[in-house]
């Protein structure tokens with residue numbers, strides 16, 4: 001059984017995710033990367049799809065001020081034509097907390 005990395009969130013091991021039959025599975029390291037990221041994006045390279053899931057306010061502040069800022073981004077591969085984006089949003093909400101989880105449409 002894989003051990004989740006302990007930080008602020010109640011992370012799910014890959015075994016727990018498999019038992020729940022989740023459409024998207026994140027390793028403990030991916031969960032830790034999301035925990036540390038300022039911005040989290042869902043990315044489907046095949047469909048040319050990119051969506052901000054967390055940190056939109058940070059990106060909006062950079063655009064509004066025109067000032068460069070150091071930002072840690074986590075790009076999460078998903079299949080956009082499935083419910084993996086919603087599953088990623090749920091993971092991010094558990095890991096980061098409900099505040100700040102919202103859909104954005106920034107292209108990078």
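The values are calculated or read from the model by the stated rules, or taken from the named source; none is laboratory data. Quick caveat, the model's predicted, so the values are computed rather than measured. Heads up, the Cβs are rebuilt from the backbone with ideal geometry, glycines too, and the neighbour counts pull from every protein chain shown.
Among what's in region 50-64 and is over 18 Å from residue 93 (Cα atoms) and touching a strand residue (DSSP E or B) at 6+ places or on another chain (Cβ under 7 Å), pick the residue that is surrounded by the most Cβ atoms within 10 Å (Cβ to Cβ).
Start the filter on region 50-64 by keeping residues that are over 18 Å from residue 93 (Cα atoms), which leaves 50, 59-64.
Retained after the next criterion (residues that are touching a strand residue (DSSP E or B) at 6+ places or on another chain (Cβ under 7 Å)): 50, 59.
Working: 50: 17, 59: 19.
The residue in question is 59.
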Filter region 36-64 down to the residues that are assigned to a strand (DSSP E or B) and touching a residue at least 40 places away in the same chain (Cβ under 8 Å), then identify the one that is farthest from the chain's Cα centre (by Cα). 50
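Per-residue answers, yes or no, for (1) at pLDDT below 90; (2) within 12 Å of residue 24 (Cβ to Cβ):
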| position | (1), (2) |
| --- | --- |
| 38 | no, no |
| 55 | no, no |
| 69 | no, no |
| 76 | no, yes |
| 94 | yes, no |
Restricting to region 66-76, and then to whatever is surrounded by fewer than 18 Cβ atoms within 10 Å (Cβ to Cβ) and in contact with a strand residue (DSSP E or B) (Cβ under 6 Å, 6 or more places away or on another chain), can you tell me which residue is farthest from residue 43 (Cα to Cα)? 71
